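The structure appears below as structure tokens.
The values are calculated or read from the model by the stated rules, or taken from the named source; none is laboratory data. In this text, all values refer to a predicted model and were calculated from it rather than measured experimentally. All Cβ positions, even for glycine, are placed from backbone atoms using ideal geometry, and neighbour counts span all protein chains on display.
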Amino acid sequence: MHYFVYHSGELYCEGVPVRKIVEKYGTPLYIYSGKTIRRHFKIFDSAFEEIPHLTCYSVKANSNLGVLSLLAKEGAGADVVSGGELERALRAGIPPKKIVFSGVGKTVEEIERALKVGILMFNVESAEELYVLGEVAQRLQIKAPFAIRANPDVDPKTHPYISTGLRKNKFGVPEEEVISLYLKAKENPYLQPIGLDTHIGSQLTTISPFIEAVRRLKALWKELEGLGFELSFLDIGGGLGIIYGEEEPPPPEEFSSAIIQELKGLPLTLILEPGRIIVGNAGILVTKVLYTKSNKEKNFVIVDAGMNDLIRPALYQAYHKIVPVLDRGEEEIVADIVGPICESGDFFAKERRIPKVKRGDLLAIMSAGAYGFVMSSNYNTRPRAAEVLVEDDQVFLVRRRETIEDLLRLEEIPEVYKI
Ligand code: LLP
């Protein structure tokens with residue numbers, strides 16, 4: 001459920017007509033609904049209220065400071081995967097003790113910063129990383145709380161690019177090597193084992209892979225217990241899918257009761273790292289029709305947003321619903337909706353049935369709140385879109401549109417080439 005709805009044929013975000021927001025901020029424009037984000041966070045978080053847990057919102061899904069501070073106010077923690085995301089989480093007011101740090105390639109500088117601010121734990125993804133973490137911790141004389149991210153070799157049955165828990169994926173430590181890493185960590189008193197972690201993939205629409213992964217983790221947990229490790233946190237990552245089109249993902253309560261069923265009675269705090277389910281359907285990308293054209297085979301609708309603004313269709317053949325901002329009840333046509341970028345992969349939809357549009361019309365690309373703006377680029381020297389956050393009838397600009405000057409500012413022409 002979200003708060004992008006039609007009133008008398010006009011698309012609104014909460015209490016504001018999308019057309020009005022666009023009049024002020026232009027297109028392409030990301031619009032987020034604060035009420036939707038809050039609703040999703042509350043539903044997800046409270047689904048686990050029966051057991052001790054911490055919901056660490058996965059910052060990579062949408063890292064805008066406005067969005068993060070909204071979530072911080074709701075009590076969310078953060079799952080970060082870079083020094084940049086860590087700074088964002090801190091800037092938004094998320095307490096360090098609610099931050100976990102994942103990712104296969106943490107640098108020494110990133111580790112140092114995270115140790116100094118005192119994050120909750122590092123989700124370690126290799127033997128070498130564990131060694132480096134211990135070294136940095138010892139040098140700084142700060143104990144490093146960590147979990148090993150196990151790769152349980154579970155098939156999440158999702159798009160291959162967003163599957164992470166298979167042996168062939170680069171993530172985590174093979175299940176059979178996990179125990180020996182904990183034992184190895186005993187050699188360095190600055191390494192503090194406090195948890196066990198996994199994340200198997202994204203946009204999962206069935207519960208069984210999660211359960212399989214949790215069972216594997218439980219077995220590892222018991223084995224570690226037997227060896228005298230006293231862990232407190234079991235982190236099962238993120239990954240619960242959302243509805244873009246026809247998917248039927250399990251609702252959070254169904255997901256949580258299945259997980260709780262597995263973990264009941266175990267003295268642990270569950271950590272969850274949801275991203276998409278919190279923000280995915282809380283954001284849209286609004287774009288303007290620049291031109292329409294047809295040939296013998298096809299109709300094309302050329303819009304002012306491109307794959308640089310939203311890369312999911314190009315990268316994962318992802319489906320995003322596309323609707324007119326003003327529904328004039330036009331007859332439908334079948335068209336490719338494409339961007340201005342010089343690549344055939346620059347499309348939002350192929351052979352899509354949509355109401356007939358003309359130059360200047362506005363279209364809303366739905367479910368663009370997760371992995372939308374955060375994956376945008378400046379390809380073709382296109383300034384990135386503005387982002388606004390709506391709360392009832394208030395509209396906050398949470399990132400201004402980039403200018404061409406912004407893009408050129410960091411570059412320099414070598415003196416010898418100047419004319
Ligand atoms: N935790 C870890 C360690 C992750 O790598 C991810 C996502 C999450 C949590 C959050 O997963 P979520 O709840 O959002 O599914 N760009 C792709 C998705 C990549 C996901 C990467 N990792 C897309 O647009 O579909």
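Points to keep in mind about this one:
- Residue, surrounded by the fewest Cβ atoms within 10 Å (Cβ to Cβ), within segment 189-213, restricted to residues that are part of a helix (DSSP H, G or I) and of a type in the set (A, V, I, L, M, F, W, C): Ile211
- Criterion violated by Gly345 - all others in (1) in contact (Cβ under 8 Å) with a residue 40 or more places away in the chain; (2) assigned to a loop (DSSP other than H, G, I, E, B) satisfied: (1)
- Scope segment 369-394; condition assigned to a loop (DSSP other than H, G, I, E, B), surrounded by 15 or more Cβ atoms within 10 Å (Cβ to Cβ) and out of contact with any helix residue (DSSP H, G or I) (no Cβ under 8 Å at 6 or more places or on another chain); matching residues: Ser376, Arg382
- Residue check, Leu263 farther than 30 Å from Glu23 by Cα and not small (Gly, Ala, Ser): yes
- Residue check for Gly172: under 21 Å from Ala114 (Cβ atoms), buried (at least 22 other Cβ atoms within 10 Å of the Cβ), of a type outside the set (Asp, Glu) and within 15 Å of the ligand (Cβ to nearest atom): yes
- Criterion violated by Thr27 - all others in (1) away from the ligand (no atom under 16 Å from the Cβ); (2) outside the structural domain of Ile284 (by TED's automatic domain parsing); (3) part of a loop (DSSP other than H, G, I, E, B); (4) farther than 18 Å from Glu273 by Cα satisfied: (2)
- Only strands (runs of 3 or more DSSP E) whose full extent lies in segment 227-311 are considered here, and the ones with at least 1 residues that are more than 16 Å from the ligand (Cβ to nearest atom), under 23 Å from Pro324 (Cα atoms) and in contact with a strand residue (DSSP E or B) (Cβ under 6 Å, 6 or more places away or on another chain) are 283-294, 299-303.
- For segment 35-76, a residue qualifies if it is crowded, with 24+ Cβ neighbours inside 10 Å, closer than 23 Å to Gly195 by Cβ and not aliphatic (A, V, I, L, M), and the qualifying residues are Thr55, Cys56, Tyr57, Ser58.
- Some residue of segment 173-180 being part of a loop (DSSP other than H, G, I, E, B) and in contact with a Pro (Cβ under 7 Å, 6 or more places away or on another chain): no
- In segment 91-116, residue surrounded by the most Cβ atoms within 10 Å (Cβ to Cβ) [restricted to those that are among the β-branched types (Val, Ile, Thr) and closer than 11 Å to Val80 by Cβ]: Val100
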